[in-house]
Amino acid sequence: MAFALTLVTLIVEAIGGYLSGSLALLADAGHMLVDALALLFAWLGARFAKRAADERRSYGYARVEVLVGYTNALAQFVLVAWIGFEAISRLFAPAPILSGLMLWVAISGLAVNGLVLRMLHGHDENDLNTAGARLHVMGDLLGSLGAVVAASLIAWFDWLWADPAISILVSLLILRSAWRLLARSAHILLEGAPQGLGAAQLSEAVTAAGIGVDEIHHVHVWELAGGRAMATLHARIGASAEPDTVLAQLRSLLRERFGIVHVTVQIESTPCRGEQCGGLHG
């Protein structure tokens, strides 16, 4: 539904921008074209992510959502560069604009984007696929709002420079959100450790839990997708500890305390010797 609404709105804004001569509307229409594709890919990514694991992909397809989020962020950078180039050109050579038509089209786009954003609001905040889609729609909303402001300034004060100036401002706001999404997606693709999870914190929690683990090492923690942490580690247990009991309690602790949904543990009874016996990797 979000894709269909965005597609119809971008067509209306493209026609309105062409007829009125507004860069803000054309920029928003171009932005919405990328967003319509982003929403389509987000929908496809969500469907692929639900596919069961197979022989070639033992973890399934959950990371598709991260790839989609990463791609969406890169697309935003390209779009911002195009808008910036066009806006600077228009600042030096202002073109006449039909502010009345521009205003009504912008208000329509603002209403539709608000509706689409509300539709996507209830999804899991850790889902980078949906986060990417929300980023695009938020950019659309800001673009439509900017077009409304620009049209009003042109109608009331004949400030033709407001159209490209507001386009640049909206682009900078989009750029900030795109960078955050790109950084987060890249961190997951590089199998970085989940935010706020440190080696000392993990080690202290496990050894202080009283489950029979004296020390942990060779720790690797990463996220398969947003909010789906995984880990591998070596655990040295006491001589009187029961390995199966320790393993069950350790998995429960990591799941409840740190949200680690899948962990592979190697049980050891002798101290670790080597350079990688401490620290958090991944």
**Within-14-Å neighbourhood charge of LEU33 [Cβ basis; K, R +1; D, E -1]** = -4
**Complete:** Residue-ordered couplings for the range 112-117, obtained by feeding phi - 60° into the Karplus form 6.51 cos²θ - 1.76 cosθ + 1.60 and rounding to whole Hz (Gly and Pro as x), are 5, 5, x, 5, 5, 4
**Message:** Please report the accessible area of SER58 (heavy atoms, 1.4 Å probe, ligands and nucleic acids excluded) in Å², nearest 10.
**Reply:** 90 Å²
**Request:** Compute the separation of the alpha-carbon centres of the range 48-76 and the range 163-217 and state it in Å as a whole number.
**Result:** 18 Å
**Request:** For the chain, give the share of DSSP beta bridges that are antiparallel, in percent and rounded to the nearest 5; count only bridges with both residues there.
**Result:** 45 percent
**Request:** Treating the Cα atoms of the chain as identical point scatterers in vacuum, please give the log10 of the normalised Debye intensity I(q)/I(0) at q = 0.13, 0.15 Å⁻¹, two decimals.
**Result:** -0.84, -1.00
**Item:** Heavy atoms of ARG255 accessible to a 1.4 Å probe, total area in Å² rounded to 10
**Value:** 120 Å²
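The values are calculated or read from the model by the stated rules, or taken from the named source; none is laboratory data. Computed from a predicted model, the values in this text were never measured in an experiment. Neighbour counts are summed over all protein chains in view; Cβ atoms, including those assigned to glycine, are modelled from backbone coordinates with ideal geometry. Surface areas here come from the heavy atoms of the whole protein model, side chains and all, with no ligands, DNA or RNA. Shrake-Rupley method; radii C 1.70, N 1.55, O 1.52, S 1.80 Å.
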